[in-house]
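Report on one structure; see the data block that follows.
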Amino acid sequence: MKGKIAFLPSAHKIEFHEYEVPPPPAGGIIAEVTQTNVCGSEVHMWRGEFGGRHGTMPGHEMSGRLLALGDGVKQDWAGAPVKVGDRIAPVYYSVCNRCVNCVRGNQAACLNKVISGRHPDDPPHFVSTFATHYVVRPNQHFYRVPDNVPDIIAASANCAMTQVYWGLDRARVTYGDSLVVLGAGGLGLHAMAIAKARGARVIAIDGVDQRLEEARKFGADETIDMRKHPEIDDRVKRVRDLCNGFPDVVLEVAGVPQAFADALRIVGAGGRVIEIGNISPALTVPVAPSTITFKSIEMIGVVMYPPHYLKKSLDFLAAHIDRFPYREMCDATFPLTRAAEALERSDRRELTRAALLPQEG
Ligand SMILES: [Zn+2]
Ligand SMILES: [Zn+2]
């Protein structure tokens, strides 16, 4: 049986490679990719910002169908029995569980993470998700997707949602806290829903009508339109009015350096700032470090998550699938062969959350 996988050799170029689908590794599985999302990192890859001259293997958010089980696999990583045909979602990387950070319980900062590969020619070929098939390695967590969670939603759990879940936990967001979310994109909406379900008061800041509207549907108690409050001093004042003082936690998921500087201004003394959105090493912003000192700000940087957090996200989705409009989160689907169009239109911001359906066409 042959399968197909995409490769981006350089900016704005895509190739499709075909290989024999390998047998499942002992302790691992082979899945058919039923849905994979165009996440922000794929757009960065499309622009040629990652991977240099070697090119990149796009795709990390997926849900799929279990096609073959390797020797010894009888359960997912939460102990649920699995069989061929089950719907599953894998964590898109594996951790070593032995390095200093893993041993301390911060597997998100594992020093030996394995993510994807360099080129699809290298066996087992199917290690990124813009593909018809995907190899889940022996030490890579995967979980059965709850019956009431559609593929389209499960796919976004294994990146955006789980990362903010971990971020909110690290910032100890709980009942009675006030949380300001800078940026109402996918990460922001997931964070609002989780924080709202915990009983936090949620304030969203963005400058696009549709995103402000979605923020309210995903649990924001209040929204602040950046177009009406273009000055940071205005926004700080507005936040203070809305939460009767300063907020406890500010989450930066706007992804621009200025938003990081804004977060330091908006958060209250003794508050926590979660930084997730900024991922481009070349982009900088001037800040006064003394702000962090004098306000006793706790800074929390978050990339990825401990693998078992994917299970928490899937459980959260199963419990809240009807409370928040998750089904509306994806605004366009494409067959795998039209991945270039999905990437190009996402890059031009014509689409906010596009998905590929590799089993179709
Ligand atoms: Zn490790
Ligand atoms: Zn992602």
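The values are calculated or read from the model by the stated rules, or taken from the named source; none is laboratory data. Being a predicted model, the structure only gives us computed values, none of them experimental. Cβ sites come from the backbone with ideal geometry, for glycine too, and all protein chains shown count toward neighbours.
Some observations on this one:
- Residue check, residue 274 within 28 Å of the chain's Cα centre (by Cα) and in a loop (DSSP other than H, G, I, E, B): no
- Every residue from region 110-126 that is among the aliphatic types (A, V, I, L, M) and part of a loop (DSSP other than H, G, I, E, B): 111
- Sub-9 Å Cβ pairs linking a first residue in region 20-48 that is closer than 13 Å to residue 3 by Cβ to a second residue that is within 16 Å of ligand 1 (Cβ to nearest atom) and not small (Gly, Ala, Ser), at least 6 apart or interchain, number zero.
- For residue 155, the criteria (1) among the hydrophobic types (A, V, I, L, M, F, W, C); (2) assigned to a helix (DSSP H, G or I); (3) assigned by TED's automatic domain parsing to the domain that holds residue 17; (4) out of contact with any helix residue (DSSP H, G or I) (no Cβ under 8 Å at 6 or more places or on another chain) hold in every case but one, which is (3).
- Answer from 267, 287 - the residue that is buried (at least 19 other Cβ atoms within 10 Å of the Cβ), at pLDDT 95 or above and not assigned by TED's automatic domain parsing to the domain that holds residue 102: 267
- Test: residue 58 is more than 16 Å from ligand 1 (Cβ to nearest atom), within 22 Å of residue 137 (Cβ to Cβ) and buried (at least 17 other Cβ atoms within 10 Å of the Cβ): yes
- Test result for residue 129, within 16 Å of ligand 2 (Cβ to nearest atom) and either touching an Asp or Glu at 6+ places or on another chain (Cβ under 7 Å) or not in a helix (DSSP H, G or I) (or both): yes
- Leading residue by the ranking (nearest to residue 130 (Cα to Cα)) among those in region 331-361 that are crowded, with 16+ Cβ neighbours inside 10 Å and hydroxyl-bearing (Ser, Thr, Tyr): 346
- Any hit, region 138-150, residues being surrounded by fewer than 20 Cβ atoms within 10 Å (Cβ to Cβ) and either assigned to a helix (DSSP H, G or I) or within 16 Å of ligand 1 (Cβ to nearest atom) (or both): yes
- Which numbered condition residue 85 misses (of (1) outside any strand (DSSP E or B); (2) more than 18 Å from the chain's Cα centre (by Cα); (3) under 23 Å from residue 359 (Cα atoms); (4) touching a residue at least 60 places away in the same chain (Cβ under 8 Å)): (4)
Let's see how each residue does on (1) within 24 Å of residue 149 (Cα to Cα); (2) at pLDDT 95 or above; (3) within 11 Å of ligand 1 (Cβ to nearest atom); (4) touching an Asp or Glu at 6+ places or on another chain (Cβ under 9 Å):
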{"site": "44", "(1), (2), (3), (4)": "no, no, no, no"}
{"site": "52", "(1), (2), (3), (4)": "no, no, no, no"}
{"site": "68", "(1), (2), (3), (4)": "yes, yes, no, no"}
{"site": "87", "(1), (2), (3), (4)": "yes, yes, no, yes"}
{"site": "90", "(1), (2), (3), (4)": "yes, yes, no, no"}
{"site": "103", "(1), (2), (3), (4)": "no, yes, yes, no"}
{"site": "111", "(1), (2), (3), (4)": "no, yes, yes, no"}
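- Criterion (more than 28 Å from residue 257 (Cα to Cα) and within 20 Å of the chain's Cα centre (by Cα)) met by exactly one of 181, 127: 127
- Put simply, of 189, 251 the only residue that is closer than 25 Å to residue 37 by Cα, touching a strand residue (DSSP E or B) at 6+ places or on another chain (Cβ under 9 Å) and in a strand (DSSP E or B) is 251.
- Condition broken by residue 62, with the remaining ones in (1) in contact with a strand residue (DSSP E or B) (Cβ under 6 Å, 6 or more places away or on another chain); (2) free of Cβ contacts under 8 Å to residues at least 12 places away in the same chain; (3) under 17 Å from residue 163 (Cβ atoms) satisfied: (2)
- Hits in region 88-109 (condition: part of a helix (DSSP H, G or I) and within 16 Å of ligand 2 (Cβ to nearest atom)): 108
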